[in-house]
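**Q** Here it is, the structure in full.
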Amino acid sequence: MNGVTRNTMRRLLSRAALGGAAACMLALSPLAAKAEYPDKPIRMIIPFAAGGTTDLLARAIGQHLSQAWGQPVVSENRVGANGIIAAELVAKSPGDGYTLHLVAMGHAINPLIYRKIPFDADKDFTPISLIATFPQLVLIHPSVPANSLKELIELAKKQPKGLTYASGGNGSSQHLAGALFTHMAGIDMNHIPYKGGAPALMDVLGGNVNMMIVQPTSKEQITSGQLKALAVSSKTRSRSYPDVPTVDEAGVPGYQSVAWYGLVGPKDMPPEVLKKISAEVAKAAQTESVKKIIDSQGGDLVASAPQEFAEFIAAERKRYAEIVKASGMMVD
């Protein structure tokens with residue numbers, strides 16, 4: 001009886017040991033350790049002030065991702081240096097998919113403007129999707145004595161440096177659009193940069209700055225007479241403002257400049273995580289909340305694939321290189 005008991009105990013102990021070893025091996029295996037993405041909160045880094053298009057789109061997309069994945073998407077506004085402060089934070093974050101960054105045109109143009117930036121604009125980011133493009137309007141305060149683009153140009157020629165135009169910061173879409181306009185129209189206007197498009201537009205509405213080339217946050221600002229729309233910056237007329245001529249039609253042949261917004265992450269994002277985020281962002285772009293933001297400002301939905309966005313960024317940088325150099329936009 002004692003022998004049987006000893007043998008039985010040996011077998012039980014042996015099985016327990018094997019089972020414990022197998023459990024340890026399974027726990028240490030990559031398949032067991034690797035949880036499905038995402039399994040913790042995600043950060044959405046926003047480079048401009050709250051209330052602007054970048055901020056609104058980032059929060060709307062973040063809300064969709066949170067609902068789709070059951071994880072919080074925490075929005076953080078890191079304002080300054082035309083997005084460089086936010087971009088540096090993202091560039092130095094792990095490429096695990098838990099840090100996302102809603103970018104605007106400055107993301108592509110900053111390397112042309114700033115001689116020193118604390119990251120490699122090509123190597124330190126993973127393009128995810130171009131979300132949308134937006135034609136912008138040449139808007140002036142009603143106190144400016146001009147009712148057409150030609151009249152504004154004539155007024156500016158009579159008053160060199162006498163008129164001002166606002167932007168969301170050096171190298172922002174509004175700055176590039178304004179610099180391209182003044183260069184092609186042969187006029188000289190003072191550029192007034194702000195930390196974001198929203199505060200810049202507020203100062204135009206208040207009459208503190210004469211002009212801004214930007215997508216307005218609402219049609220009411222124009223229909224109510226708070227601002228005068230003289231032209232649209234895109235190649236063709238905006239479907240939201242069909243009666244407003246293009247800058248090309250209104251007196252500056254060949255002019256074209258559009259704002260755009262896209263999503264990027266840090267470098268070295270796993271392919272399966274990148275694919276999952278890109279697919280869900282495409283779904284987010286079709287939600288009513290995102291479409292409302294795009295439609296209200298006359299934008300065009302894109303929701304591109306990662307490689308397409310990478311090619312778009314490269315093309316934009318090449319397209320604006322000449323105007324950045326010609327306008328003396330470069331800074332230390």
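The values are calculated or read from the model by the stated rules, or taken from the named source; none is laboratory data. Keep in mind that what you see is a predicted model, and the values were worked out from it rather than measured. In this analysis, Cβ positions are derived from the backbone assuming ideal geometry, glycine residues included, and neighbour counts consider all displayed protein chains. Each accessible area value is taken on the protein alone, full model and side chains, heavy atoms only, with ligands, DNA and RNA left out. Shrake-Rupley method; radii C 1.70, N 1.55, O 1.52, S 1.80 Å.
**Q** Does the stretch 30-42 contain at least one residue that is modelled with pLDDT under 85 and open to solvent by less than 40 Å² (accessible area, probe 1.4 Å)? Steps first, please.
**A** Step one: filter the stretch 30-42 for residues modelled with pLDDT under 85, giving 30-35.
With the extra rule that they be open to solvent by less than 40 Å² (accessible area, probe 1.4 Å), the set shrinks to none.
Within the stretch 30-42, not a single residue is modelled with pLDDT under 85 and open to solvent by less than 40 Å² (accessible area, probe 1.4 Å).
**Q** Additional query: Determine, yes or no, whether V90 is part of a helix (DSSP H, G or I) and within 26 Å of V290 (Cβ to Cβ).
**A** Working: part of a helix (DSSP H, G or I): yes; within 26 Å of V290 (Cβ to Cβ): yes.
Here the answer is yes, as V90 does meet what is asked.
**Q** Check H191 against each of (1) farther than 17 Å from G51 by Cα; (2) outside any helix (DSSP H, G or I); (3) open to solvent by 60 Å² or more (accessible area, probe 1.4 Å) and name the one condition it does not meet.
**A** (3)
**Q** Could you tell me which of the residues K228, K219, K235, K267 is more than 30 Å from P142 (Cβ to Cβ) and either out of contact with any helix residue (DSSP H, G or I) (no Cβ under 6 Å at 6 or more places or on another chain) or among the polar types (S, T, N, Q) (or both)?
**A** Working: K228 fails: more than 30 Å from P142 (Cβ to Cβ); K219 fails: more than 30 Å from P142 (Cβ to Cβ); K235 fails: more than 30 Å from P142 (Cβ to Cβ).
Among K228, K219, K235, K267, only K267 is more than 30 Å from P142 (Cβ to Cβ) and either out of contact with any helix residue (DSSP H, G or I) (no Cβ under 6 Å at 6 or more places or on another chain) or among the polar types (S, T, N, Q) (or both).
**Q** Mind listing whichever residues of the stretch 194-211 are among the aliphatic types (A, V, I, L, M) and part of a loop (DSSP other than H, G, I, E, B)? Talk me through it step by step, then tell me what you get.
**A** Initially, the stretch 194-211 is screened for residues among the aliphatic types (A, V, I, L, M), giving 198, 200-202, 204-205, 209, 211.
The one that is among the aliphatic types (A, V, I, L, M) and part of a loop (DSSP other than H, G, I, E, B): V209.
**Q** Right, here's the next one. Taking the condition within 24 Å of S278 (Cα to Cα), of a type in the set (A, V, I, L, M), under 20 Å from the mean Cα position of the chain (by Cα) and at pLDDT below 90, does M105 pass? Talk me through it step by step, then tell me what you get.
**A** Details: within 24 Å of S278 (Cα to Cα): yes; of a type in the set (A, V, I, L, M): yes; under 20 Å from the mean Cα position of the chain (by Cα): yes; at pLDDT below 90: yes.
Taking the combined requirement at face value, the residue satisfies it.
**Q** Please tell me if R10 is at pLDDT below 95, out of contact with any helix residue (DSSP H, G or I) (no Cβ under 7 Å at 6 or more places or on another chain) and either charged (D, E, K, R) or assigned to a strand (DSSP E or B) (or both). It would help to see each step written out before you state the result.
**A** Details: at pLDDT below 95: yes; out of contact with any helix residue (DSSP H, G or I) (no Cβ under 7 Å at 6 or more places or on another chain): yes; either charged (D, E, K, R) or assigned to a strand (DSSP E or B) (or both): yes.
Yes, satisfied.
**Q** Let me ask another. Which numbered condition in (1) outside any helix (DSSP H, G or I); (2) free of Cβ contacts under 8 Å to residues at least 40 places away in the same chain is the only one that R319 fails?
**A** So the condition that R319 fails would be (1).
**Q** Suppose the filter is among the aliphatic types (A, V, I, L, M), crowded, with 21+ Cβ neighbours inside 10 Å and out of contact with any strand residue (DSSP E or B) (no Cβ under 6 Å at 6 or more places or on another chain); does L176 pass it? Lay out the reasoning, then the answer.
**A** Values: among the aliphatic types (A, V, I, L, M): yes; crowded, with 21+ Cβ neighbours inside 10 Å: yes; out of contact with any strand residue (DSSP E or B) (no Cβ under 6 Å at 6 or more places or on another chain): yes.
Considered against the rule, which asks whether it is among the aliphatic types (A, V, I, L, M), crowded, with 21+ Cβ neighbours inside 10 Å and out of contact with any strand residue (DSSP E or B) (no Cβ under 6 Å at 6 or more places or on another chain), L176 comes out as yes.
**Q** All but one of (1) closer than 19 Å to V324 by Cβ; (2) touching a helix residue (DSSP H, G or I) at 6+ places or on another chain (Cβ under 6 Å); (3) in a helix (DSSP H, G or I) hold for A121; state the number of the condition that does not hold.
**A** (3)
**Q** Here is a follow-up. May I ask you to list the residues in the stretch 322-332 that are assigned to a helix (DSSP H, G or I) and open to solvent by 30 Å² or more (accessible area, probe 1.4 Å)?
**A** To start, the set of residues in the stretch 322-332 that are assigned to a helix (DSSP H, G or I) comprises 322-326.
Of everything in the stretch 322-332, those that are assigned to a helix (DSSP H, G or I) and open to solvent by 30 Å² or more (accessible area, probe 1.4 Å) turn out to be E322, K325, A326.
**Q** Of all the residues that make up the stretch 130-162, how many are open to solvent by 10 Å² or more (accessible area, probe 1.4 Å), assigned to a loop (DSSP other than H, G, I, E, B) and touching a residue at least 40 places away in the same chain (Cβ under 8 Å)?
**A** Total satisfying the criteria: 5.
**Q** Sticking with this structure for a sec: Among the residues of the stretch 163-173 satisfying the criterion of being open to solvent by less than 20 Å² (accessible area, probe 1.4 Å) and touching a helix residue (DSSP H, G or I) at 6+ places or on another chain (Cβ under 6 Å), which is modelled with the lowest pLDDT?
**A** Restricting attention to the stretch 163-173, the residues satisfying the condition of being open to solvent by less than 20 Å² (accessible area, probe 1.4 Å) are 163, 165-169, 171-173.
Next cut, touching a helix residue (DSSP H, G or I) at 6+ places or on another chain (Cβ under 6 Å) only: 163, 165-169, 171-172.
Numbers: L163: 98, Y165: 98, A166: 97, S167: 93, G168: 86, G169: 83, G171: 77, S172: 82.
Step by step, filter the stretch 163-173, then rank; the result is G171.
**Q** Going by the conditions given, is N110 under 16 Å from T54 (Cβ atoms), of a type in the set (S, T, N, Q) and open to solvent by less than 40 Å² (accessible area, probe 1.4 Å)?
**A** So N110 fits the description; yes.
**Q** Which one of these is closer than 29 Å to E88 by Cα and modelled with pLDDT of 90 or more: Y255, Y320, Y261? Please lay out each step first, then the result.
**A** On the way: Y255 fails: closer than 29 Å to E88 by Cα; Y320 fails: modelled with pLDDT of 90 or more.
Of the residues listed, the single one that is closer than 29 Å to E88 by Cα and modelled with pLDDT of 90 or more is Y261.
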